[in-house]
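Visitor: Handing you a structure now.
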Amino acid sequence: MALENYWATNAAHEGVEWATMLLSNAPAESSRPRFRALRVQGGMENILGHRELSRQHFEQALAMARELG
């Protein structure tokens, strides 16, 4: 997710694609990498105007962050 700033300013669609792929191939249990992917996905969706999807992913990321501490 090191490319987050690039995606945010140049290629938000690409960021969503990568985050979606990473999340679909990652274990479902909570982890810091899964949290970051959800946060990045929510951010890129927000930039693209996909507010409902963005909110859902931000809420999942927030719940996971609270769980992970």
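Visitor: Compute the length gained on full extension between LEU62 and THR20: take 0.36 nm times their separation in residues and subtract their Cα-Cα distance, giving the result in nm to one decimal.
Guide: Working: separation 42, 0.36 × 42 = 15.12 nm, distance 1.75 nm.
13.4 nm is the gain from fully extending LEU62 to THR20.
Visitor: While we're looking at this one, here's another question. Could you point to the label whose value was computed as P(r) over Cα pairs in 5 Å bins from 0, in percent for the structure here, given [x] 3, 17, 29, 28, 15, 5, 1, 0; [y] 3, 13, 18, 21, 18, 10, 9, 5, 2, 1, 0; [z] 3, 21, 30, 26, 15, 5, 0?
Guide: [z]
Visitor: Another question about this same structure. Could you state the accessible area per residue of the chain in Å², with a 1.4 Å probe and every protein chain left in place?
Guide: Numbers: 4460 Å² over 69 residues.
I get 65 Å² per residue for the chain.
Visitor: Same structure, new question: Could you state how much accessible area PHE58 has, in square angstrom rounded to the nearest 10, with a 1.4 Å probe and all protein chains kept in place?
Guide: Rounded to the nearest 10, the figure is 80 Å².
Visitor: Something else: Calculate, in nm to one decimal, what ALA28 and LEU53 gain on full extension: separation in residues at 0.36 nm each, minus their alpha carbon distance. Before the final figure, lay out each step's value.
Guide: Working: separation 25, 0.36 × 25 = 9.00 nm, distance 1.83 nm.
Stretched fully, the ALA28-LEU53 segment lengthens by 7.2 nm.
Visitor: If you take every residue apart from SER24 with its C-beta less than 14 Å away from the C-beta of SER24, what net charge results, scoring Lys and Arg +1 and Asp and Glu -1? Could you put the intermediate results ahead of the total?
Guide: Details: positive: ARG34; negative: GLU17.
Net of charged neighbours comes to 0.
Visitor: Further question on the same structure: If I compute solvent accessible area with a 1.4 Å probe over the protein chains, what percent of it on the range 2-69 is carbon and sulfur?
Guide: Values: 2450 of 4420 Å².
Reported share for carbon and sulfur atoms: 55 percent.
The values are calculated or read from the model by the stated rules, or taken from the named source; none is laboratory data. Not measured: the values here are computed from a predicted model. A quick note on method: Cβ atoms are made from the backbone with ideal geometry, for glycine too, and the neighbour counts reach across all protein chains shown. Accessible surface is based on the protein model in full, side chains and every heavy atom, while ligands, DNA and RNA are left aside. Shrake-Rupley method; radii C 1.70, N 1.55, O 1.52, S 1.80 Å.
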